[in-house]
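Working notes, structure below.
The values are calculated or read from the model by the stated rules, or taken from the named source; none is laboratory data. Everything quoted here is computed from the prediction, not taken from an experiment. Every residue, glycine among them, receives a Cβ derived from its backbone with ideal geometry; neighbour counts consider all protein chains shown.
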Amino acid sequence: MTDTTRHDWTIDEVEQLFSLPFADLMFRAQEVHRANHPHNAVQMSTLLSIKTGACPEDCAYCPQSVRYDTGVEREQLVPLEEVRTRAQAAKDAGATRFCMGAAWRSPKKRDVAAVAAMIREVRALGMETCATLGMLTPDQAHELKDAGLDYYNHNVDTSPEFYGEIITTRTYQDRLDTLAAVREAGLNVCCGGIVGMGETTRDRASMLATLANLPQHPESVPINQLVRVPGTPLAGAAAVDPFDFVRTIAVARVVMPKACVRLSAGREAMADELQALCFLAGANSIFYGEKLLTTGNPDVTRDRALLARLGIQPLVPPGLSPPQAPAHEHEEHVHGAHCSHTGSHTSARPVSSCAATRRR
């Protein structure tokens, strides 16, 4: 296939992709995927919540918001040595990227300095790094880049049209401004959204058109399935039709051919067959480990078994050494995120789903 990268998608065009017969959409997504990516390889990331709870934002999906009673306890910033230990455990279990999520609206100067130290420690282990910390200024983005950060996650979450139904404490333009600051600093962009918050198919089309029409496509596009957390306004949201979720993965693959499309939050509730369809539709990145910020994630053993059944190998990014055979004794320590739903809920400093979804 010739290069299909475009930055001029209309919402109508993207919506028409959603309306294709399922088999036709899957075939088209596979064609695009195979033209741009290794056929049977998945990039594996682990997400750690480095600062949990008490976020001032009102994101309706997020258990870390101080506005909702979800049972998530406020925790202080994780010590540097614990971050290094957790990153080493993630690497030993087979992850190649370590993502750090913090429940901030935007980090303060001291916060950025602390995270920069974490980034340097993780990079010293030979892993890629990603962070999701909320809104960034251009100077903050440059500081993180100078520390060695590879990716920054900041999700748009949904369409511009539906956004006000989900969040009122920051604007859609605020999110786009952070993405611009991240891109200008030379960082890779991780940005996607959440499916299942009551949005329409056209909203999903509009969200993907927004991302595909950025001057440069995000390098990573997490597609999250809403985790309905008791205590949040979206706890009673209707379940997403599995085929609609797969369609979202497939359309993301078609409109952003070279991006890694991450099958992100919500995997714990997905059957192996649904995950297999998502990989067939073009998903080639997952959060790997038992926790996403504060919600569950399939454990390492289940993930390994599923990938082996499908003949899928870990994708090793350029410049990194292939991971060693995972050490069994590390498995119980690996955690992975859903709150930017990314990039993103937590337990024992689990991987934050909120950072994954909200920020990502």
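Tallying residues that are outside any loop (DSSP other than H, G, I, E, B) and out of contact with any Leu (no Cβ under 6 Å at 6 or more places or on another chain) within the range 171-187 yields 11. Cβ separations smaller than 6 Å between residues 6+ apart or across chains give the following pairs from the range 108-125 residues that are within 19 Å of Ala95 (Cβ to Cβ) to residues that are hydroxyl-bearing (Ser, Thr, Tyr): Ile119/Thr129; Val122/Thr129; Arg123/Thr129. Here Ala89 fulfils each of the conditions (1) under 26 Å from Thr201 (Cα atoms); (2) touching a His at 6+ places or on another chain (Cβ under 6 Å); (3) not polar (S, T, N, Q) apart from (1).
Results for (1) more than 22 Å from Val227 (Cβ to Cβ); (2) among the hydroxyl-bearing types (Ser, Thr, Tyr); (3) surrounded by 16 or more Cβ atoms within 10 Å (Cβ to Cβ), shown as yes or no for each residue.
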site: Asp8; (1), (2), (3): yes, no, no
site: Asp12; (1), (2), (3): yes, no, no
site: His37; (1), (2), (3): yes, no, yes
site: Met44; (1), (2), (3): no, no, yes
site: Leu48; (1), (2), (3): no, no, yes
site: Gly53; (1), (2), (3): no, no, yes
site: Cys62; (1), (2), (3): no, no, yes
site: Arg74; (1), (2), (3): no, no, no
site: Gln88; (1), (2), (3): yes, no, yes
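Does Ser206 count as under 20 Å from Phe162 (Cβ atoms), at pLDDT 90 or above, buried (at least 16 other Cβ atoms within 10 Å of the Cβ) and not basic (Lys, Arg)? Even if it seems obvious, please write down each step before you answer.
Numbers: under 20 Å from Phe162 (Cβ atoms): yes; at pLDDT 90 or above: yes; buried (at least 16 other Cβ atoms within 10 Å of the Cβ): yes; not basic (Lys, Arg): yes.
The answer is yes for Ser206.
When the test is whether a residue is surrounded by fewer than 16 Cβ atoms within 10 Å (Cβ to Cβ) and assigned to a loop (DSSP other than H, G, I, E, B), Asp24 does not pass it. Flag: Leu179 matches the condition of being of a type in the set (A, V, I, L, M, F, W, C), modelled with pLDDT of 95 or more and crowded, with 17+ Cβ neighbours inside 10 Å.
Any chance the range 109-121 includes a residue that's modelled with pLDDT of 90 or more and part of a loop (DSSP other than H, G, I, E, B)? Scanning the range 109-121 turns up no residue that is modelled with pLDDT of 90 or more and part of a loop (DSSP other than H, G, I, E, B).
Against the criterion of being under 23 Å from the mean Cα position of the chain (by Cα) and part of a helix (DSSP H, G or I), Met44 does not qualify.
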